[in-house]
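Take a look at the structure below.
The values are calculated or read from the model by the stated rules, or taken from the named source; none is laboratory data. Note that the coordinates shown come from a computational prediction; the quantities given were computed from them, not determined experimentally. For neighbour counting, all protein chains shown are included, and Cβ atoms are generated from backbone atoms with ideal geometry for every residue, glycine included.
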């Protein structure tokens with residue numbers, strides 16, 4: 001335990017020092033174009049910087065064992081969105097599954113992980129953020145559980161060789177001085193045998209986890225600028241979809257995943273949305289092939305949304321526009337009828353007192 005505490009202290013100090021050194025740098029400017037309706041960089045060009053390759057050592061198919069060699073689980077890590085994101089698919093020895101989306105954010109020069117586990121309990125949704133520090137990926141975060149217990153999380157990934165990675169997770173609760181430690185040793189394998197998937201009842205039985213059920217399905221997406229509805233630069237004005245979206249539930253209903261492919265194949269986006277029972281909020285991470293990462297969260301949904309998704313849900317977060325750090329983005333999901341729903345994108349520069357429209361995306365059920 002002393003050794004674990006020493007490693008935890010060293011990793012925390014290194015992450016703090018790295019953050020202090022990076023904060024003085026000015027990040028690049030980005031633009032918000034969440035459906036790729038406007039012109040953008042050539043495929044692959046947006047995430048060509050070396051920072052986007054910092055987590056590549058984790059990509060692969062892995063057998064995960066304990067320090068003594070006992071099986072712990074399997075993990076499949078893939079590079080997504082033309083190198084703009086890294087996706088994780090974990091299966092433990094009992095068939096419990098978890099997934100994460102990992103993306104480098106050039107506005108704060110940090111990696112961010114959004115983790116969701118199928119059990120659906122208070123510890124099943126976790127957010128980490130951090131940097132590559134002396135060859136190690138160090139990501140940390142904090143959670144507050146119902147009842148007031150505060151938890152500090154820290155994850156460390158170490159590449160010992162091209163075929164061997166060590167992953168350490170430390171969790172320290174405010175009501176204890178001893179960390180909960182996970183020490184996984186990754187061994188690269190050409191093929192994997194996964195444990196049969198275990199189903200969990202928690203999210204299926206939780207009404208709030210069904211707030212967005214109306215969005216499940218295959219969709220044509222039409223994008224319009226409400227400020228210029230007749231503009232020829234918007235697909236909706238020409239009767240053509242901006243792209244197609246697949247939205248499905250995974251992890252026993254705990255994860256809502258969207259994959260959007262723009263018209264013409266030049267733009268893609270991947271989004272994870274999950275209800276977090278610890279924060280009692282919906283939380284969404286969206287990454288795309290233009291190197292933009294957006295994190296949104298929402299509190300209570302509109303009446304009628306629980307148990308079947310009958311109401312609106314508004315999520316908001318910081319704009320990825322680095323030159324305008326005071327801007328907040330709000331995305332409101334609202335059902336229209338049995339075959340369509342809308343996303344209304346707005347921005348605010350006064351803390352949410354007033355909102356200006358950005359675009360309206362209408363999702364129409366594919367026939």
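Number of residues in the stretch 183-198 that are loosely packed, with under 12 Cβ neighbours inside 10 Å, farther than 12 Å from residue 73 by Cβ and touching a strand residue (DSSP E or B) at 6+ places or on another chain (Cβ under 8 Å): the value is 2. Would it be correct to say that residue 134 is touching a helix residue (DSSP H, G or I) at 6+ places or on another chain (Cβ under 7 Å) and modelled with pLDDT under 95? In short, yes. Taking the listed residues 296, 321, the one that is within 24 Å of residue 270 (Cα to Cα), surrounded by 15 or more Cβ atoms within 10 Å (Cβ to Cβ) and modelled with pLDDT of 95 or more is 296, with no other qualifying.
A quick yes/no check of all residues on (1) in a strand (DSSP E or B); (2) within 20 Å of residue 33 (Cβ to Cβ); (3) out of contact with any strand residue (DSSP E or B) (no Cβ under 9 Å at 6 or more places or on another chain):
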position	(1), (2), (3)
329	yes, yes, no
333	yes, yes, no
336	yes, no, no
342	yes, yes, no
345	yes, yes, no
353	no, no, yes
357	yes, yes, no
361	yes, yes, no
364	yes, no, no
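Looking at 261, 269, 237, just one residue is modelled with pLDDT under 85, outside any loop (DSSP other than H, G, I, E, B) and either surrounded by 19 or more Cβ atoms within 10 Å (Cβ to Cβ) or assigned by TED's automatic domain parsing to the domain that holds residue 209 (or both), and that residue is 237. Residues that are within 30 Å of residue 334 (Cβ to Cβ) and either in contact (Cβ under 8 Å) with a residue 40 or more places away in the chain or outside the structural domain of residue 274 (by TED's automatic domain parsing) (or both): does the stretch 184-196 have at least one? No, that holds for no residue.
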